[in-house]
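Structure record follows, encoded as structure tokens.
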Amino acid sequence: MTEHKRDNLFARPLGKVPKFVFDRSVVDIFPDMIQRSVPGYQTIINHTGELADRFVQQDSHIYDLGCSLGASTLAIRERIEGRNARIFAVDNSQAMLDKLATILQTQPSDTDTQLITNDICDIQITNASLVVLNFTLQFVPLARRSELISCIYKGLNPNGCLIISEKLHFEPESLNTLLTELHHQFKRDQGYSDLEISQKRDAIDKVLMPESLSTHIQRLKDCGFKSASPWFQCYNFGSLIAIK
Ligand SMILES: C[S@@+](CC[C@H](N)C(=O)[O-])C[C@H]1O[C@@H](n2cnc3c(N)ncnc32)[C@H](O)[C@@H]1O
């Protein structure tokens, strides 16, 4: 297994904690950060490959929106050789895409992969058989989410698939608190200190805005998806699949 640089971004007292951004300081520690922060992350990435195998159509497009270092893109590429498909890996962090470009050079594939530096709300989606939003929609301003999902729906081919993986909010508040505490225990078990957990929470406050499963499902239905369902959940993280 590849050794990743350890995430210690929040290990020292920072005083006033700056808001979280996906800049160069995050790039090298990102794989370690997401593995040790998101319960079920690797399962979701592996199953993104499995779903790609089932849904990616010959000669179609795949969109990995908020691709970061391309974990989903790489899992998809492993499963769709020979389909003449093209992956568009999109992120608005140039630092992430610069690193992804070097990673892709070390992992050849017959699937053409284009890196696009842009806001995922400002791109055109066409001829898509699979669109992936793995832990990205949660960073999109609430007011822009319906427009984005609607644009994805329009760009998907019939029977095309959208995967959305997110941190989730629960009601009543007591349930949300329980699942948040279980998540924090998971992070402690992964080696994060209470200081790291609390400073990271301050850094992502109002940057990462989780919604409930019912809000996600309702939006998907409102945008026209014929079916939408969670397929995975661990504590307050989950993944949904929606089919056009
Ligand atoms: C948590 S990471 C996603 C992780 C990645 N999908 C994976 O599974 O490994 C969120 C990514 O979304 C990107 N991002 C957030 N908002 C965005 C936007 N509006 N447009 C494009 N990229 C965005 C960030 O730069 C970051 O790289």
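Where a number appears in this text, it was derived from the coordinates with a stated rule and is not lab data. Please read all numbers here as calculations on a predicted model, not as lab measurements. Backbone-built Cβ (ideal geometry, glycine too); neighbour counts: all protein chains shown.
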Of (1) over 14 Å from the mean Cα position of the chain (by Cα); (2) over 25 Å from Lys244 (Cα atoms), Ile62 fails just (2)
Hey, can you tell me all the residues within the range 182-200 that are surrounded by 15 or more Cβ atoms within 10 Å (Cβ to Cβ), part of a helix (DSSP H, G or I) and not aliphatic (A, V, I, L, M)? His183, His184, Phe186, Lys187, Glu196, Gln199, Lys200
Subset of the range 14-31, residues of a type in the set (A, V, I, L, M) and either in a helix (DSSP H, G or I) or under 17 Å from the mean Cα position of the chain (by Cα) (or both), comes to Val21, Val26, Val27, Ile29
Restricting attention to the range 102-153, and to residues there that are hydroxyl-bearing (Ser, Thr, Tyr) and assigned to a strand (DSSP E or B), which single residue is nearest to the ligand (Cβ to nearest atom)? Thr117
Residues to consider are Ala95, Ala101, Ala71, Ala89; find the one that is of a type in the set (A, V, I, L, M), out of contact with any Ser or Thr (no Cβ under 8 Å at 6 or more places or on another chain) and within 28 Å of Ser212 (Cα to Cα). Ala71
Scanning for something closer than 30 Å to Gly15 by Cβ and either among the hydrophobic types (A, V, I, L, M, F, W, C) or touching a residue at least 40 places away in the same chain (Cβ under 8 Å) (or both), does the range 150-158 turn up at least one residue? no
In the set Leu179, Leu175, Leu220, which member is crowded, with 16+ Cβ neighbours inside 10 Å and over 30 Å from Arg12 (Cβ atoms)? Leu220
Count of the range 78-89 residues which are surrounded by 23 or more Cβ atoms within 10 Å (Cβ to Cβ) and either over 18 Å from Thr136 (Cβ atoms) or within 11 Å of the ligand (Cβ to nearest atom) (or both): 3
Which of the residues belonging to the range 146-156 are surrounded by fewer than 22 Cβ atoms within 10 Å (Cβ to Cβ) and out of contact with any His (no Cβ under 9 Å at 6 or more places or on another chain)? Ser146, Glu147, Ser150, Cys151, Tyr153, Lys154
Report yes if some residue within the range 32-43 is touching a Gly at 6+ places or on another chain (Cβ under 8 Å) and assigned to a helix (DSSP H, G or I); otherwise report no. yes
If I filter the range 11-68 down to residues being farther than 19 Å from His184 by Cα and acidic (Asp, Glu), which single residue comes out as nearest to the ligand (Cβ to nearest atom)? Asp64
State which residue pairs qualify: first residue among the basic types (Lys, Arg) and inside the range 15-31, second residue more than 13 Å from the ligand (Cβ to nearest atom) and assigned to a loop (DSSP other than H, G, I, E, B) in any location, beta carbons under 8 Å apart, and separation of 6 or more residues or different chains. Lys19/Lys206
